[in-house]
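Trainee: So that we are looking at the same thing, I have put the structure below in structure tokens.
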Amino acid sequence: MSPAGEPIPLAQPDVGPREEELVLEVLRSGMLSLGPMGPRFERAFADWVGTKHAAAVSSGTAGLHLGLVRAGVGPGDEVITSPFSFISSANCALHAGADVAFADIDPITFNLDPAALEAAITPRTKAIVPVHIFGLPCDIEAISAIAATHGLAVVEDGAEALGAVRQGRKIGTHGSPTIFAFYPNKQMTTGEGGIVTTDDDDVYEDILSLRNQGRADSGAWLEHDRLGWNYRMDDLSAAVGLAQVERLDEILGKRAAVAERYATLLAGLPGVTLPSVVEGDVRSWFVYTVLLEPGVDRNAVIGLLAKRGVASKPYLPSIHLQPLYRARGHREGEFPVSEAISARALALPFFGNLTLEQQERVASELAAVLADPPVL
Ligand SMILES: *Cc1c(COP(=O)(O)O)cnc(C)c1O
């Protein structure tokens, strides 16, 4: 701990009395799952994003898995995704029994590079999981066009991009099933949880069945007409989610204001590159990640910041270099852009209730550490 004050955490959920009130309502109703709170949350969420349907699930990972199953992905198929993401974006293909292929990213947006994506397509490719990483929209128009040309399914990983806007439209409304995630470090939380948005009635009905043990929607409770999972969201989580959706504009506004303050406080700090801005698109602020200069010992910087009471972490490691994917044959050098960004990226404390005083401390401690940076 720093003499300057309490350690500053990386993330913190923004929950309050309305969440407590709705959770209590569920507890007192006696319907802890499959009660009315689930549909209330789903309707509010779909209306906020602007889609016809939203199906809540037990996690973002579960949503990605069901999205691929619904797209018919299975053994022998290949799914292409970004190596610069959280591991779920790739693991969902393995959960569906398929193989994962990666394509490198754009050095400005850190999202899938459409040209690299197209080059990675093989006769076995069945689906693409584009990720809107760090809440910045990917080039979904180009990716959807490539998918259409090659007859591939698209399942969007919007886990970090709730509220992000691409060419005037919110992520989730660009035509493919889109997954959002609600772990407590995300923009909004349900504890654990996720959701799938879609305008397609058939996709929606299938996701409802797949998340609920393969039950026929209109059939008897104990009638199961396909292989499904228990990926349901319980009503306590949905209650937190409904309260969060009611406050979502406020929650996202606070995060955007914190990001703006960082941009001011860190502007001109030597050795630090701030998050990119893409003209015409709106980033939804999930994390605040800066790039250090190549050659700076990022892990040593993290250690020095920790001693000064500031949490930070390497974010994100490239998926293909995780032990699970190395064991599947992946190596350094395959995706140089992703690897270079992974080596330099540093996530700073970021949440809606971060105070100006805390942010000033983060900025001054980072400046102090980088005045004489540890090198590799
Ligand atoms: C958080 C996250 C997920 C997974 O969500 P869980 O709810 O933790 O399963 C998937 N993809 C990305 C990009 C994420 O950040």
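Only the coordinates and a few stated rules stand behind these numbers; no lab work does. The structure displayed is predicted, hence computed values, not measured ones. As a convention, Cβ positions derive from the backbone with ideal geometry for all residues, glycine included, and neighbour counts pool all protein chains shown.
Trainee: Counting only residues that are touching a residue at least 40 places away in the same chain (Cβ under 8 Å) and among the acidic types (Asp, Glu), how many does the range 208-245 have?
Mentor: Residues of the range 208-245 touching a residue at least 40 places away in the same chain (Cβ under 8 Å): 208, 210-211, 229-245.
Pick out the ones that are also among the acidic types (Asp, Glu) and you get 234-235.
Residues in the range 208-245 being touching a residue at least 40 places away in the same chain (Cβ under 8 Å) and among the acidic types (Asp, Glu): 2 in total.
Trainee: Which of the helices (runs of 4 or more DSSP H) contained wholly in the range 298-350 include at least 1 residues that are surrounded by 20 or more Cβ atoms within 10 Å (Cβ to Cβ), touching a residue at least 24 places away in the same chain (Cβ under 8 Å) and touching a Leu at 6+ places or on another chain (Cβ under 6 Å)?
Mentor: Once the helices (runs of 4 or more DSSP H) in the range 298-350 are filtered for at least 1 residues that are surrounded by 20 or more Cβ atoms within 10 Å (Cβ to Cβ), touching a residue at least 24 places away in the same chain (Cβ under 8 Å) and touching a Leu at 6+ places or on another chain (Cβ under 6 Å), what remains is 298-307.
Trainee: While we're here: I'm trying to understand the selection: among the residues of the range 164-221, which are over 25 Å from ALA127 (Cα atoms), among the hydrophobic types (A, V, I, L, M, F, W, C) and under 21 Å from the mean Cα position of the chain (by Cα)? Step through it out loud before you land on a result.
Mentor: Going through the range 164-221, the residues over 25 Å from ALA127 (Cα atoms) turn out to be 168, 183-192, 215-221.
Imposing the further condition that a residue be among the hydrophobic types (A, V, I, L, M, F, W, C) reduces the set to 188, 216, 220-221.
Hit for the range 164-221 is MET188, nothing else.
Trainee: Tell me, please, whether a residue that is among the acidic types (Asp, Glu), out of contact with any His (no Cβ under 7 Å at 6 or more places or on another chain) and within 14 Å of the ligand (Cβ to nearest atom) can be found in the range 187-207.
Mentor: There is at least one residue in the range 187-207 that is among the acidic types (Asp, Glu), out of contact with any His (no Cβ under 7 Å at 6 or more places or on another chain) and within 14 Å of the ligand (Cβ to nearest atom).
Trainee: Please verify whether VAL73 is among the hydrophobic types (A, V, I, L, M, F, W, C), touching a strand residue (DSSP E or B) at 6+ places or on another chain (Cβ under 8 Å), closer than 21 Å to ASP234 by Cα and buried (at least 22 other Cβ atoms within 10 Å of the Cβ), treating the condition exactly as stated.
Mentor: On the way: among the hydrophobic types (A, V, I, L, M, F, W, C): yes; touching a strand residue (DSSP E or B) at 6+ places or on another chain (Cβ under 8 Å): yes; closer than 21 Å to ASP234 by Cα: no; buried (at least 22 other Cβ atoms within 10 Å of the Cβ): yes.
When the stated conditions are applied, VAL73 does not pass them.
Trainee: For the range 182-297, please list each of the helices (runs of 4 or more DSSP H) lying entirely inside it that holds at least 2 residues being under 20 Å from SER89 (Cα atoms) and not basic (Lys, Arg).
Mentor: Counting at least 2 such residues, we get 201-211.
Trainee: Would the range 310-321 turn up any residue that is under 27 Å from LYS254 (Cβ atoms) and of a type in the set (Lys, Arg)? Full working, then the answer.
Mentor: Our first condition is that a residue be under 27 Å from LYS254 (Cβ atoms); within the range 310-321, this holds for 310-316.
Applying the additional criterion that residues be of a type in the set (Lys, Arg) yields 313.
Yes, the range 310-321 has at least one match.
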